[in-house]
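See structure below.
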Amino acid sequence: MKKALLAGVVATACAAVTMSTAGIAQASPPKNPNDCPNGYVCVWGDINYEGRYLFNPGTDRANVGSFMNDLTSSLWNRTGSQVCFYEHADFRGATLAIVPAGSWLSNVGPAANDKISSWRDC
């Protein structure tokens with residue numbers, strides 16, 4: 001009896017984990033730039049706020065990490081400061097884009113596309 005009860009509890013737990021994991025895997029990226037919270041800088045991997053994305057609180061990100069490094073095509077600055085986007089980590093290299101507070105770019109253009117590695121207020 002205890003073995004049957006334990007097996008049922010384990011099966012239920014596995015089903016719950018599978019359903020919650022499936023829900024996460026099926027979640028689609030936000031396609032509306034308004035999904036970017038106030039006070040954040042948000043970047044997307046494709047133009048028009050499509051594909052992979054990263055939402056960063058505040059204005060500074062010294063290294064976007066391997067998930068978004070050199071993969072940004074659209075962005076939104078929902079902070080109160082102008083933000084400069086740089087070619088390399090630690091705010092080095094060329095300044096690829098300058099985005100005023102509250103502004104966005106649905107397409108960063110060929111000079112910055114898939115080249116952004118860091119950003120900060122400027």
Practice item. Name the residue, out of THR12, THR72, that is at negative phi, among the hydroxyl-bearing types (Ser, Thr, Tyr) and modelled with pLDDT under 90. Key: THR12
**Study point:** Residue selected from the range 72-97 under the condition within 17 Å of the chain's Cα centre (by Cα), closer than 15 Å to TYR40 by Cβ and not β-branched (Val, Ile, Thr), by the criterion surrounded by the fewest Cβ atoms within 10 Å (Cβ to Cβ)
**Key:** ARG78
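Among the residues of the range 101-118, write down those that are under 17 Å from TYR49 (Cβ atoms) and either surrounded by 17 or more Cβ atoms within 10 Å (Cβ to Cβ) or aromatic (Phe, Trp, Tyr) (or both). If you could, list the steps in order and put the result at the bottom.
Initial filter on the range 101-118 (under 17 Å from TYR49 (Cβ atoms)): 102-109, 112-114, 116.
Selection gives TRP104, LEU105, VAL108, ALA112, ASN113, ILE116.
The values are calculated or read from the model by the stated rules, or taken from the named source; none is laboratory data. Since the model is a prediction, treat every value here as computed from it, not as a measurement. Note that we place each Cβ from the backbone using ideal geometry, even for glycine, and neighbour counts take in every protein chain shown.
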